[in-house]
Amino acid sequence: MSLTPKPRPHRGRTLFLAVLLTLSLATIALGVWLLVDQRQQIAAESRPDAAAAPTPAPDFELTSSDGQVIRLADLRGKVVLLNFWATWCPPCKAEMPDLNALQRKYGADRDFVVLGVNDEESAADVIAFAQREGIAFPLLLDPDGRVIEKLFDVRYLPTSMIIDREGNIRDTWRGQIAREAMLARLQKVW
């Protein structure tokens with residue numbers, strides 16, 4: 001008769017593998033849930049405000065950061081995505097790459113232009129931002145807030161509007177939304 005103990009199964013290792021498998025499955029389930037939730041959010045953001053009827057966009061004339069004078073009425077015949085923003089606004093800065101990508105991809109093909117109207121910042125700040133970020137669309141200076149506050153009554157940054165080829169505001173949203181949601185809204189006007 002031998003006094004040496006028989007090897008026991010590795011209960012610790014089995015328990016560890018069970019916990020690891022459970023955590024892996026929970027992580028996968030969470031990832032799938034987040035993906036579905038994100039797609040639902042994009043779909044919700046893509047729906048224009050049902051109560052918003054097309055209204056004529058107020059005309060304005062502003063100077064861009066590169067010195068060009070731009071008048072909104074001169075853009076009739078184009079679809080305009082008008083974005084009110086500031087360099088101190090994190091969501092504004094975060095959505096700039098999406099706006100830039102839309103301008104680069106669809107500007108010439110769809111007769112479309114993004115206009116960024118800056119909220120009361122210096123030309124130097126806006127120019128530095130545009131150069132650093134490689135912005136491909138006009139950044140207009142609204143040094144006294146006349147356009148942002150008085151003509152468009154914007155109270156939250158960023159705020160964006162889609163203006164159709166006839167000069168009517170067709171859609172408005174406040175806050176940052178995904179590029180896919182912007183594109184879905186634009187496609188309803190193109």
Exercise for the section: Determine the pairs where a residue that is at pLDDT 95 or above and of a type in the set (S, T, N, Q), located within region 108-125, has a partner that is buried (at least 16 other Cβ atoms within 10 Å of the Cβ) and not in a loop (DSSP other than H, G, I, E, B) with Cβ atoms under 7 Å apart, the partner being 6 or more residues away or on another chain. Expected result: ASN118/TRP85; ASN118/VAL126; ASN118/LEU139; ASN118/LEU140; ASN118/LEU141; ASN118/ASP142
Problem - Answer residue from region 121-146, given it is under 15 Å from LEU62 (Cβ atoms) and among the small types (Gly, Ala, Ser) and is surrounded by the most Cβ atoms within 10 Å (Cβ to Cβ) among those - result: ALA130
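Looking only at residues that are in a loop (DSSP other than H, G, I, E, B) and among the charged types (D, E, K, R) in region 160-190, which one is surrounded by the most Cβ atoms within 10 Å (Cβ to Cβ)?
Per the stated criteria, the residue is ASP164.
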Practice task
Could you check GLY67 against (1) loosely packed, with under 10 Cβ neighbours inside 10 Å; (2) part of a helix (DSSP H, G or I); (3) at pLDDT 85 or above and say which number it fails?
Solution key: (2)
Handout entry: Residue that is farthest from PRO143 (Cα to Cα), among those in region 37-64 that are assigned to a loop (DSSP other than H, G, I, E, B) and at pLDDT 95 or above
Key = ALA57
Exercise for the section: For residues that are among the charged types (D, E, K, R) and surrounded by 15 or more Cβ atoms within 10 Å (Cβ to Cβ), scanning just region 79-120, find the one that is farthest from the chain's Cα centre (by Cα). Expected result: ARG110
Practice task
Answer with yes or no whether LEU157 is assigned to a loop (DSSP other than H, G, I, E, B), buried (at least 17 other Cβ atoms within 10 Å of the Cβ) and either free of Cβ contacts under 8 Å to residues at least 40 places away in the same chain or not charged (D, E, K, R) (or both).
Solution key: yes
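Matching residues to (1) assigned to a helix (DSSP H, G or I); (2) within 19 Å of ARG179 (Cβ to Cβ); (3) not assigned by TED's automatic domain parsing to the domain that holds VAL80:
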| residue | (1), (2), (3) |
| --- | --- |
| GLN103 | yes, yes, no |
| ARG110 | no, yes, no |
| VAL113 | no, yes, no |
| ASN118 | no, no, no |
| GLU121 | no, no, no |
| ASP125 | yes, no, no |
| ALA136 | no, yes, no |
| LEU141 | no, no, no |
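The values are calculated or read from the model by the stated rules, or taken from the named source; none is laboratory data. Remember, predicted model here, so these are calculated numbers, not experimental data. Cβ: placed from backbone, ideal geometry, glycine included. Neighbour counts: every protein chain shown.
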